[in-house]
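Laboratory data are not the source of any read-out in this text; all were calculated from the coordinates shown. Predicted model, so just to flag it, every value in this text is computed and none were measured. Here the Cβ positions follow ideal geometry from the backbone for every residue, glycine too, while neighbour counts run over all protein chains shown.
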Amino acid sequence: MFNDVVDGPLPHRPVEEFLRIETHHRLMNSFAILCSILERELNTCDPRNRVALDRSVRIISAHGGLHRCLAFGTLRSPVALGEYVTKLSRCLSEAVLPMGVTCVAVTDESFMPAVQAERLGLVLCELVINAAKHGFPRKQTGMVRIEVARQDHRWCCTVTDKGGGFPDALPAAGLGTQILEALIRRLNGRMIVQSTAEGATVTLLFPLAPATLRCET
């Protein structure tokens, strides 16, 4: 159910990459152990509790799938953007569905370097989860829409919800916001936030990777 994303041997990898692979491995093991414990409980518990335990297993499995989708491991070849963002949207839907929120995606059928796609995926994940947490208070149901399109020599990505909007454009700058801002800097991008009582739209603009431009010339 939970697999690592490493191809080939680990020796002689850069320290940062090795630590990232180890963190991913530990986290996937933790998801697997939690699911295994709950599945054992399913076989022994009172039938009245089985529905709740089964739901917990599915939630943990969904978050494990989301983490795997975000962790590119050693992949360095270009990523098919439409396929990747659609898969990410599906994983996000499964992860936030218990909150009453679903996620849909519309993307260009372009390719993006793996490093850039990985950073974009992390940004989209943070924005969708923020929308699910802050955009639909009082257990409202709703939908978050991801759009990724190429515009000349840059990418335009939007995450839109029809919830209640942010009280002050964005939630307080906690750790998640700081990570989001750092990832956007790594993409050499900028973020534009529009928030009203009818919902919020976050737009991310960032340039095509130089490798993409070289391949097209």
If r is the Cβ-Cβ distance from Asn188 to Arg55 and R0 is 41 Å, what FRET efficiency results, to the nearest 0.05? 0.50
Quick one: net charge around Glu39, please, counting Lys, Arg +1 and Asp, Glu -1 for every other residue with C-beta under 13 Å from its C-beta. +2
Distance (nanometres) between label positions extended 7 Å along Cα→Cβ at Gln178 and Thr196: 3.5 nm
Please work out the Cα convex hull volume for the stretch 79-216 and give it in Å³ per residue. 96 Å³
Taking R0 as 25 Å and r as the Cβ-Cβ distance between Ala149 and Val115, the FRET efficiency 1/(1 + (r/R0)^6), rounded to the nearest 0.05, comes to 0.80
